[in-house]
Each structure stands twice: as structure tokens, then as C-alpha cells.
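Here is the structure we will look at.
The values are calculated or read from the model by the stated rules, or taken from the named source; none is laboratory data. Keep in mind the model is a prediction, meaning the values are calculated, not measured. Heads up, the Cβs are rebuilt from the backbone with ideal geometry, glycines too, and the neighbour counts pull from every protein chain shown. With ligands, DNA and RNA removed, areas are computed over all heavy atoms of the protein, side chains included. Shrake-Rupley method; radii C 1.70, N 1.55, O 1.52, S 1.80 Å.
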Amino acid sequence: LEQRTGEGDLSYVRDLQEDVEVLSGLTTELLTFARSELKREKVELHPVGLRRVVEQAVQVEAPEGVMVDVDAEITVEADEGLLFRAISNLVRNAVQYGEIDISVTGRREGDGVVLVVADRGPGVPEEALEKIFTPFFRLDLARDRKKGGTGLGLAMVRNYVEMCGGRVVARNRAGGGLEQVVTLR
């Protein structure tokens, strides 16, 4: 179309191209989400070095500006690929919506491990904290094309974390921002 369209109509072709890319991304996310639902009971958990997975996720999603504080000795029982995707998504969200003062911390707590991805962005309305993990739920402020997603990312995070035997919750930070808290064994 670009080669056959005159200069005056190129902006329409580019808009169409953006729409196709958005639909392609949505299709990919839907397929990934569907696969994760089907795979739920087939996951084998193994000891995984948490710091290494966190550092890989941060390197992919935000190579600069994210503070990582996870003891190198901490291991968790998980599927490494699922854990990587969950942490990557949490970091990506913090970068996209929180934008500043992003940190990933991990510590032992009792017989488990708590991983917190935190930012100093606008946070989430209290009534939406649980809903953000529901498939296709999107906050109104996330609905524009530049910042909006499909509403599947955090639903996939919850699936991945639960498949690793853990749980994930979100809570607002005192002074502003959001903490996404993953608890693993």
C-alpha cells in the first residue's frame, strides 16, 4: 500500500499499519494467555536463582534506572521461564506506568520469599487493586494507545505466579506509587 499510495494518503496507511500491529500484539497476548491456562497443571518446579531471573528481566525491560536488591543466595521453586515472564511484565508495567524510582527487592520471609516491584507513579484506585489481575481489565488512565495495553498482562502474571505455587497482589505505597508483591516458596 505504501508504494501504491500518494503522499497525501500515506498517513492513512501508517494509521492502518499501527492498527494491524496492535491487533497482532493482541492476538499474540491472547494466544499466550490461552496457552498458560492450558498448561497450568503440567508445570514442573525446580530451584531457581531469583536474583539472576530478576536481573535478566530488568535487563530486557529497563536496562537503566531500576534498582535491584535481591540476595544472590535466594532460590525459589519455580518454572524459570514462567517466573521470568511474570517478573518482566511487572517491571514493564512499572516502567510504563510508574516511570520513576522503580525498584525490585527480594527477601526471605518465614519459609517463603517475597519479591516486590515498586514504583512512585500514580498508583491504582483502591477498588481496582484486585481487578487489575482480571483478564481484559484496564484502568481508564491506561486506555490511550501509547500507554494502554490489552488488559492481559497482569492476568498472565497471576497465572504464571500461581503456576509456580505462589501468589501476587498489588497495593498502593504510602506517598504514592504501586507495589506488586509476589510471594513464592
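Return the only residue of Leu129, Leu152, Leu184, Leu141 being under 16 Å from the mean Cα position of the chain (by Cα), of a type outside the set (Val, Ile, Thr) and either open to solvent by 10 Å² or more (accessible area, probe 1.4 Å) or modelled with pLDDT of 95 or more (or both).
Values: Leu152 fails: either open to solvent by 10 Å² or more (accessible area, probe 1.4 Å) or modelled with pLDDT of 95 or more (or both); Leu184 fails: under 16 Å from the mean Cα position of the chain (by Cα); Leu141 fails: under 16 Å from the mean Cα position of the chain (by Cα).
Of the residues listed, the single one that is under 16 Å from the mean Cα position of the chain (by Cα), of a type outside the set (Val, Ile, Thr) and either open to solvent by 10 Å² or more (accessible area, probe 1.4 Å) or modelled with pLDDT of 95 or more (or both) is Leu129.
List pairs: first in the range 153-167 and on the phi > 0 side of the Ramachandran plot, second crowded, with 23+ Cβ neighbours inside 10 Å, Cβ under 8 Å, 6+ apart or cross-chain?
What qualifies is Gly165/Ala78; Gly165/Leu184.
Return the residues of the range 1-29 that are open to solvent by less than 70 Å² (accessible area, probe 1.4 Å) and modelled with pLDDT of 75 or more; say none if nothing qualifies. Steps first, answer last, please.
Kept after step one, since they are open to solvent by less than 70 Å² (accessible area, probe 1.4 Å), are these residues of the range 1-29: 5-6, 8, 10-11, 13, 19, 24-26, 29.
Thr5, Gly6, Gly8, Leu10, Ser11, Val13 - these are the residues of the range 1-29 that are open to solvent by less than 70 Å² (accessible area, probe 1.4 Å) and modelled with pLDDT of 75 or more.
Among the listed residues Leu115, Leu90, Leu83, identify the single one that is farther than 17 Å from Arg171 by Cα and modelled with pLDDT of 95 or more. Reasoning before the result, please.
On the way: Leu115 fails: farther than 17 Å from Arg171 by Cα; Leu90 fails: farther than 17 Å from Arg171 by Cα.
Exactly one of Leu115, Leu90, Leu83 is farther than 17 Å from Arg171 by Cα and modelled with pLDDT of 95 or more, namely Leu83.
Give me the pairs, please: first residue somewhere in the range 67-85 and within 14 Å of Leu115 (Cβ to Cβ) and in a strand (DSSP E or B), second residue anywhere and at pLDDT 95 or above and of a type in the set (S, T, N, Q), beta-carbon distance under 6 Å, and either six or more positions apart or on two chains.
Met67/Ser103; Asp69/Thr105
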